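Just so it is clear, none of the values below were taken in a lab; they were calculated from the coordinates. Everything quoted here is computed from the prediction, not taken from an experiment. With ideal geometry, Cβ positions are generated from the backbone for all residues, glycine too; neighbour counts draw on all protein chains shown.
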Amino acid sequence: MASKPNILIIYTGGTIGMIKDYKTKALKAFDFSRIVEKIPELAQLDCAIESVSLEKPIDSSNMNPNYYATIVTILEENYKKFDGFVVLTGSDTMSYIASAISFMLENLQKPVIFTGSQLPIGDLRTDAKENLITSIEIAASRKNNVPVIKEVGLYFEYKLYRANRTTKISAEHFEAFASKNYPELAESGVHLKFNEPMLYQPNKKGATLIARKNMVTDVCILKLYPGIKPIVVQTILEIKNLKGVILETYGSGNAPNEAWFLELLQQAIVKGIKIINVTQCVGGAVIQGHYDTSLGLKSIGVISGLDITTESALAKLMYLLNEGLSAESFVKYFQKSLRGEISEK
Ligand code: ASP
């Protein structure tokens, strides 16, 4: 490994890449090839920084698996040349994007840190500079000449999280993300402190990176609410080519135990549609059978998503559906920790 780590910044869009035109007061995207010029503080970091940008940066609301594949391709093509990566996206769908990338990259041995900001980089009170500078520092951190982080992380407001454990929880506060079911991987204060026992350790040391680019998108999220009508559930489950559903249930995985509801789900399962039970709560886990109102789900073959987030469950569903697994293997892999996204039973 070179004496100075090489870091690649991949800019896809979002508020972080904008500056205010002080004449017009309007926000506009800035040229990322001039990033070190715009943020002179970056020159003080003990690493070499290069950047690439999507030709047309996007608001993260326009993200989709085609863009995931573009990000994965950039990471794959530059994997050998760089020691760490910082991916900038809008924060709105960052947890979805970063979760998906975590599954698409197998045998990752280098840091891929997602970050963004609530205020543009040119704003006086911006959170962008700290988020970017510390993300680069994290991506460049090494211990015994090996990267400290060997997984996909998400850094925001002094905290590094495992990306596939996060959820965006605030459109207002700088602390915009939470990871209720897994502790922070690092905290930035006077010192950058890594929570070493909680870091992901790839089980196949030295294995070659596998970069997958296909995801199955015939999926949907069905969020339960009191008063949901049979026609709503039925219409969703009859979507042409539907292959999987994230069923967002209440509390520890509870749902109406009325016959119509369970019958509709059962018909879908018999047709081969995977139904994953994920809680609407930001913390805690699904325990099917804990209450009477989840016993029925268990008995008809709804798959418990344990403590996975909705964002991560959706990404994992899209990923595993593409792997051509048998019904048993699908359940086994869904409930197994592949990238640290789930706490196994
Ligand atoms: N709407 C923006 C986006 O997600 C917000 C942000 O950048 O944080 O792209």
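Which one of 63, 49, 35 has its Cα pushed farthest toward the positive end of the charge dipole of region 33-87, where Lys and Arg give +1 and Asp and Glu give -1 at the Cβ?
Of the candidates, 63 comes out farthest on the positive side.
What whole number of Å gives the distance from the Cα centroid of region 1-41 to the Cα centroid of region 295-345?
38
Classify region 1-157: rounded, prolate or oblate, from the alpha-carbon gyration tensor (a ≥ b ≥ c, eigenvalue square roots; a/c under 1.5 rounded; otherwise prolate if a/b is larger than b/c)? Working shown, then result.
Values: a/c = 1.88, a/b = 1.27, b/c = 1.48.
Since a/c reaches 1.5 but b/c is at least a/b, the shape of region 1-157 is classed as oblate.
Among 291, 68, what is the fewest-to-most ranking by other Cβ atoms within 10 Å? It would help to have the intermediate numbers written out before the result.
Working: 291 15, 68 24.
Ranked by crowding around the Cβ, least crowded first: 291, 68.
For residue 323 and residue 21, compute 0.36 nm times the residue count separating them, minus their Cα-Cα distance, and round to one decimal in nm. Before the final figure, lay out each step's value.
Working: separation 302, 0.36 × 302 = 108.72 nm, distance 4.75 nm.
Going from the current span to full extension adds 104.0 nm.
Rounded to the nearest 10 degrees, what's the angle between the helix 65-78 long axis and the longest principal axis of the chain, both from Cα atoms, 0 to 90?
Long axis of 65-78 versus the principal axis of the chain: about 40 degrees.
Just report the Cα centroid separation between region 70-124 and region 144-203, whole Å.
13
Tell me the angle of helix 310-321 to the major Cα principal axis of the chain, expressed in degrees between 0 and 90 and rounded to the nearest ten.
80
Enumerate the calculated ³J(HN,Hα) couplings along region 197-205 in order (Karplus 6.51 cos²θ - 1.76 cosθ + 1.60, θ = phi - 60°), each rounded to whole Hz, writing x wherever the residue is Gly or Pro.
x, 9, 6, 6, 10, x, 6, 10, 5
May I ask you to sort 59, 92 by Cβ crowding, counting other Cβ atoms within 10 Å and putting the fewest first? Don't skip to the end; give the middle numbers.
On the way: 59 14, 92 19.
Placing the least packed residue first, the sequence is 59, 92.
From the cross-link list 20/110; 56/110; 28/240, which pairs have alpha carbons spaced over 29 Å apart?
On the way: 20/110 34 Å; 56/110 27 Å; 28/240 41 Å.
Check vs 29 Å cut-off fails for 20/110; 28/240.
Starting with the highest mean, order 103-113, 182-192 by the number of other Cβ atoms within 10 Å, averaged over the residues of each peptide.
Numbers: 103-113: 22.7, 182-192: 15.3.
Packing proxy ranking, top to bottom: 103-113, 182-192.
Hey, what did region 162-245 get for relative contact order, percent, Cα under 8 Å, at least 6 apart?
On the way: 52 pairs, mean separation 14.7, N = 84.
Worked out over region 162-245, it gives 17 percent.
For region 177-237, just say rounded, prolate or oblate: build the C-alpha gyration tensor, square-root its eigenvalues into a ≥ b ≥ c, call rounded for a/c under 1.5, and beyond that prolate if a/b exceeds b/c, oblate if not.
Details: a/c = 4.09, a/b = 1.70, b/c = 2.41.
Oblate is the answer for region 177-237, as a/c is 1.5 or above yet b/c matches or exceeds a/b.
Can you give the relative contact order of region 7-57 as a percent, counting alpha carbon pairs under 8 Å and 6+ residues apart?
Working: 56 pairs, mean separation 27.3, N = 51.
Across region 7-57, relative contact order equals 54 percent.
What are the residues whose amide H is under 5 Å from the amide H of residue 86, where those residues sit 5 or more places off or on another chain and H is modelled from the backbone?
Close amide H contacts, sequence-distant or interchain: 8, 9, 10, 113.
Quick one: grab the alpha carbon gyration tensor of the chain, order the square roots of its eigenvalues as a ≥ b ≥ c, and give me rounded if a/c is under 1.5, else prolate or oblate depending on whether a/b is larger than b/c. It would help to have the intermediate numbers written out before the result.
Numbers: a/c = 2.05, a/b = 1.71, b/c = 1.20.
Verdict is prolate for the chain.
Fewest to most neighbouring Cβ within 10 Å: what's the order for 238, 328, 248?
Fewest-to-most ranking of 238, 328, 248: 328, 238, 248.
Can you pick out the pairs among 159/180; 243/345; 129/159 whose Cα atoms lie more than 18 Å from each other? Spell out each step's value before the answer.
Numbers: 159/180 13 Å; 243/345 25 Å; 129/159 14 Å.
Over 18 Å apart, Cα to Cα: 243/345.
So for the chain, averaging the separation of alpha carbon pairs under 8 Å that are six or more residues apart and normalising by length, what relative contact order in percent results?
Values: 713 pairs, mean separation 51.4, N = 345.
Contact order relative to length: 15 percent.
So what J values fall out for region 110-125 if you push phi through Karplus, 6.51 cos²θ - 1.76 cosθ + 1.60 with θ = phi - 60°, rounded to Hz, Gly and Pro as x?
10, x, 10, 10, 8, 8, x, 7, 8, 10, x, 4, x, 6, 4, 9
In a shell of Cβ-Cβ distance under 13 Å around residue 282, excluding residue 282 itself, what net charge do Lys and Arg (+1) and Asp and Glu (-1) give? The partial results should precede the final answer.
Numbers: positive: 165, 168, 180; negative: 248, 307, 311.
Cβ neighbours under 13 Å give a net charge of 0.
Roughly what angle does helix 128-140 make with the longest principal axis of the chain, taking Cα atoms, 0 to 90 degrees, to the nearest 10?
Here the helix axis deviates by roughly 90 degrees.
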